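Trainee: Following this message is one structure expressed as structure tokens.
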Amino acid sequence: MPKPRPTCAYCGKDYGQRDVRSMPLKWACDEPKPAYTGNHIHIRDRFERKNQEFEMEPSPVLQGYMVPKKPLKLVKEYMTCDRETWDGETYFTRYDPFCTLRCALAYARNAYNTNRIRNRTYA
């Protein structure tokens, strides 16, 4: 069960976004995508793409650069994607313990004005 989102100290609203981690995943083209087996909550797989590697050789013209050999010879073909997971507890917040900068500033102004009125001296 995921931890509930934090609440704002000023207005009482729930705030925060899930703090997700992205892990690169790589597998052979002829195999199915591996299932997630970790302890985190699997959110989604993003940017699934097919990659190809070719045999390379040093370029005689461009010193230090590698160029594909002619004719092109495929060495490796694989699939990749970015797997996003969340631990179920952490949330990304910018103005903790407030939901927005507006709430943080309103809280500070309210506290300042309250203290100023309370400590007012009368002559």
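The values are calculated or read from the model by the stated rules, or taken from the named source; none is laboratory data. This is a predicted model, so every value here is computed, not measured. Cβ coordinates were reconstructed from backbone atoms using ideal geometry, including for glycine residues, and neighbour counts include every protein chain displayed.
Trainee: Among the residues of segment 16-72, what is the count of those that are farther than 30 Å from Met1 by Cβ, small (Gly, Ala, Ser) and free of Cβ contacts under 8 Å to residues at least 12 places away in the same chain?
Mentor: So the count comes out to 2.
Trainee: Right, next: Go through segment 67-96 and give me each residue that's assigned to a strand (DSSP E or B) and over 28 Å from Met23 (Cα atoms). Write out each step before concluding.
Mentor: Within segment 67-96, the first condition is being assigned to a strand (DSSP E or B), and the residues that meet it are 67-68, 74-86, 91-92.
Answer for segment 67-96, where residues must be assigned to a strand (DSSP E or B) and over 28 Å from Met23 (Cα atoms): Val67, Pro68.
Trainee: Okay, moving on. So, in segment 41-75, how many residues would count as being surrounded by 11 or more Cβ atoms within 10 Å (Cβ to Cβ) and of a type in the set (Lys, Arg)?
Mentor: 1
Trainee: Could you list, in sequence order, the residues of segment 37-65 that are of a type in the set (Phe, Trp, Tyr) and either at pLDDT 90 or above or over 28 Å from Asp87 (Cα atoms) (or both)?
Mentor: Here is the first cut: in segment 37-65, the ones of a type in the set (Phe, Trp, Tyr) are 47, 54, 65.
The answer is Phe54, Tyr65.
Trainee: Does segment 101-118 contain at least one residue that is at pLDDT 90 or above and closer than 30 Å to Phe54 by Cα?
Mentor: No: segment 101-118 contains no residue that is at pLDDT 90 or above and closer than 30 Å to Phe54 by Cα.
Trainee: Step by step: first the residues of segment 8-35, then only those that are surrounded by 14 or more Cβ atoms within 10 Å (Cβ to Cβ) and hydroxyl-bearing (Ser, Thr, Tyr), then the one that is farthest from Thr85 (Cα to Cα). Which residue is that?
Mentor: Among them, the one singled out is Tyr10.
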